[in-house]
Every structure is written in structure tokens, then in C-alpha cells.
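Single-structure report; data block below.
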Amino acid sequence: MSHPIGNPDSDRQVLISEVGPRDGLQSISRIMPTAAKKAWIDAAAAAGVTEIEVGSFVPASVLPQLADTAEIVAHARAIPGLTVAVLVPNFKGAEAAVAAGAHKITVPLSVSESHSLRNVRRTHAQMLQEVQRIAALIRGLPSEQRPHLEGGLSTAFGCTIEGVVPERRVMELAVALMEAGCDEVGLSDTTGYAHPAQVRRLVRAVWSVVGRDQLTGIHLHNTRGLGLANALAALDIGLTTLDASLGGLGGCPFAPGASGNIVTEDLVFMLEAMGMRTGIDLEGLFRCREVLAQALPDEPLYGMTPLAGLPKGFVPATASRATV
Ligand code: ZN
């Protein structure tokens, strides 16, 4: 992946990874019908979204919302040009992800060990062992079938149980994940604690130990309203991939009224207005939001741009480039 450091904003391309079908849906109690999930993914791809985290391979008893992930992966794989990403908490999940044919697998490793024990009932050492087994499984596949393996450093910016998470710990675990066989690591602000200065500092710190090419993306939540500010800080320093969810679907049970991930619609508007190309068409995204609103009529959707509409005379960077 290239790093357009020093280039003007107008010459940049940003990859937006839509995580609503995984992070959003796992955070709400309603179970979206499989057909509606497929319609959502189809509409997102039609709008120009090129990477979607479509689900998670966890036992249905734990997350019944995502029990149909294998079927969703099969559906999404048939969409040309779409990178189909999934989350897996363990080796068994990775086996299922490989069998389903996911292009990208993210294994979350919580930097806070207390959170890891509560979330996946595993210590750091046990999780790293799990990552090693997953990496070996992938290495055993024919090269064209190997999914990309990302170690997701969750609670990297702070933890609701432990509070402050030492940056040294994030750096150590980033190195450990790479040594365990990951292709890259990602930073996750699981708890919505991050602020822009911290984003810049932590990205630099992790780069200093694993290299720039091994950290290109960030997963942000908008829990305290700093999502877009953090996204901009991440882009300014040189990250190229941002996770976001349509309508900011999801939320946090500990912060009523707080949205989940950063809102895809507002993020795309900001970037396109600044001259950064996302490849995503905003009108298409608004249609995609309608699909979501119809499927989950009682679920609050966030985001300001869909409500306000696009400014008069607005020309998105993607469209202006396409006509040149
Ligand atoms: Zn998340």
C-alpha cells in the first residue's frame, strides 16, 4: 500500500472499509434478516464501497445477529472487485472464514488483558498462540487462496475496565502480532477514548517498531464526538484506510445516545469535499441508508450529511477526477 505523505489532499485516495454489517449489527439486539444484509451489501457496493467487513465467525450462541456470516460471505464474494472482510476471535473461526472464502481476516487482540479475558476469555499469550495457528493455517493454503491476516489492536486508546492503556504495551503487542505471522496490524479505538493528538502519537509509536507498511488503517468510534477529528488526524499523519459504518449503526450500552463507528456518509462527504477520492458516490450511499432504514425501522441512524443534503454546487473529488 502506498503512503501519499507530503502530497496535497487533492491527490489522495482513501480506502473506506464499511464495518456496519459486523460492528454495527453485533452492537444492536435486533437480528437483521439475511436478505436485508445482502441488500445492504449490494447497495454499498453499488455506491462504490470496495471493502466491507460482512460479519464475524463466532458461535451463534454468542452473537445470533451474525449467525449467517458464511452465507453472507458467499454472497459478497460474488460481487466483482469487493474485498470481503470478516472478524474471527479464534482458530475455529479462522477455519470457517477460510472455508467460506473471506479475502481478509481480522483477529482482535485487546491490549487491555482484562478486556481480552472478558471479551474472548483468553490471555495475551493464549491469543498470540491462536494467531500463530491461524497464520500457519493460511500459509498452508495455495497462494491465491490465502486471505490477508490483520491483527487488530483493540482498546489501544484506553479501556473501560483498566482505564489508561500504556503506549509501550500497544507497541509490544504490535510487534508480537507481526512475529506471530500477521500481514499487518490495525489500531482500534474500541471505547471511543481517542483524541487527535493521541492518534498521531500512537500511530508514530507503532510505526517506529513495526514499520509504516505494517500499519495502514484505524478503527474509530464516535462515542465522544471526536470520530471525524480523529479520522483527519490519522489521514494527516499518513494512514490510508479508515473503518466506518453506515448511519453510525451500533452504539455503546455504557454511553446512551452515543453512535457506534464513525458515520460513513459524513466521512465520505468530508473527504470528497477536501478533494480526497474515496471512489464512493454519496447519492448511492444515501440510497444504501434507505435500505438500512427500511430493514431496521426502529434503530436510530446517525449522521448529519444525509439529513442536510449535499451543498448546492457540490462536486465530489471522485466525480471531478472521473471526468478528467
Ligand atoms: Zn468497533
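The values are calculated or read from the model by the stated rules, or taken from the named source; none is laboratory data. Nothing here was measured: the structure is a model prediction, and the numbers come from that model. We place every Cβ from the backbone using ideal geometry, glycine too, and count neighbours over all the protein chains shown.
Points to keep in mind about this one:
- The set of residues from region 33-60 being within 14 Å of Cys288 (Cβ to Cβ), out of contact with any Cys (no Cβ under 8 Å at 6 or more places or on another chain) and part of a helix (DSSP H, G or I) comprises Ala36, Lys37, Lys38, Ala39, Ile41, Asp42, Ala45.
Condition check ((1) crowded, with 18+ Cβ neighbours inside 10 Å; (2) more than 28 Å from Ser320 (Cα to Cα)) across all residues:
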{"site": "Gly247", "(1), (2)": "yes, no"}
{"site": "Gly251", "(1), (2)": "yes, yes"}
{"site": "Met274", "(1), (2)": "no, no"}
{"site": "Asp281", "(1), (2)": "yes, no"}
{"site": "Gly284", "(1), (2)": "no, no"}
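- Annotation note: of Leu285, Leu292, the sole residue that is closer than 13 Å to Ala46 by Cβ and out of contact with any strand residue (DSSP E or B) (no Cβ under 9 Å at 6 or more places or on another chain) is Leu285.
- Of the candidates Ala44, Ala74, Ala67, the single residue that is within 21 Å of Phe269 (Cα to Cα) and at pLDDT 95 or above is Ala44.
- Condition met for Leu187 (in a strand (DSSP E or B) and either within 15 Å of the ligand (Cβ to nearest atom) or small (Gly, Ala, Ser) (or both)): yes
- Residue check, Ser27 hydroxyl-bearing (Ser, Thr, Tyr), in contact (Cβ under 8 Å) with a residue 40 or more places away in the chain, surrounded by fewer than 24 Cβ atoms within 10 Å (Cβ to Cβ) and at negative phi: yes
- Any chance Val170 is in contact with a Leu (Cβ under 9 Å, 6 or more places away or on another chain), away from the ligand (no atom under 13 Å from the Cβ), β-branched (Val, Ile, Thr) and under 30 Å from Arg139 (Cα atoms): yes
- Residues that are farther than 29 Å from Phe269 by Cβ, more than 17 Å from the chain's Cα centre (by Cα) and crowded, with 19+ Cβ neighbours inside 10 Å occur in region 78-90; there is at least one.
- Subset of region 217-237 that is assigned to a loop (DSSP other than H, G, I, E, B) and under 17 Å from the mean Cα position of the chain (by Cα) - its residue that is nearest to the ligand (Cβ to nearest atom): Leu220
- Odd one out for Gly192, checked against (1) of a type outside the set (Val, Ile, Thr); (2) in contact with a strand residue (DSSP E or B) (Cβ under 6 Å, 6 or more places away or on another chain); (3) assigned to a helix (DSSP H, G or I): (3)
- Boolean, Arg212 is away from the ligand (no atom under 16 Å from the Cβ), among the basic types (Lys, Arg), within 20 Å of the chain's Cα centre (by Cα) and surrounded by fewer than 19 Cβ atoms within 10 Å (Cβ to Cβ): yes
- Scope region 77-110; condition part of a strand (DSSP E or B) and within 23 Å of Ala44 (Cα to Cα); matching residues: Thr83, Val84, Ala85, Val86, Leu87, Lys104, Ile105, Thr106
Here's the yes/no breakdown for (1) away from the ligand (no atom under 16 Å from the Cβ); (2) within 17 Å of Gly151 (Cβ to Cβ):
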site	(1), (2)
Leu25	no, no
Ile79	yes, no
Leu82	yes, no
Ala85	no, yes
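- Here the condition is being in contact (Cβ under 8 Å) with a residue 24 or more places away in the chain and surrounded by 22 or more Cβ atoms within 10 Å (Cβ to Cβ); of Ala39, Ala44, Ala74, Ala99, it holds for Ala44 alone.
- Matching residues in region 113-145 - criterion: being among the hydroxyl-bearing types (Ser, Thr, Tyr) and surrounded by 15 or more Cβ atoms within 10 Å (Cβ to Cβ): Ser116
- Total residues in region 102-129, condition over 15 Å from Gly158 (Cβ atoms), among the hydroxyl-bearing types (Ser, Thr, Tyr) and under 19 Å from the mean Cα position of the chain (by Cα): 1
- Count of residues meeting criterion [of a type in the set (A, V, I, L, M, F, W, C), within 16 Å of the ligand (Cβ to nearest atom) and not in a strand (DSSP E or B)] in region 134-160: 2
- Number of residues in region 294-324 that are surrounded by fewer than 17 Cβ atoms within 10 Å (Cβ to Cβ) and more than 21 Å from the chain's Cα centre (by Cα): the value is 19.
- Ala74 more than 26 Å from Val131 (Cβ to Cβ) and outside any strand (DSSP E or B): no
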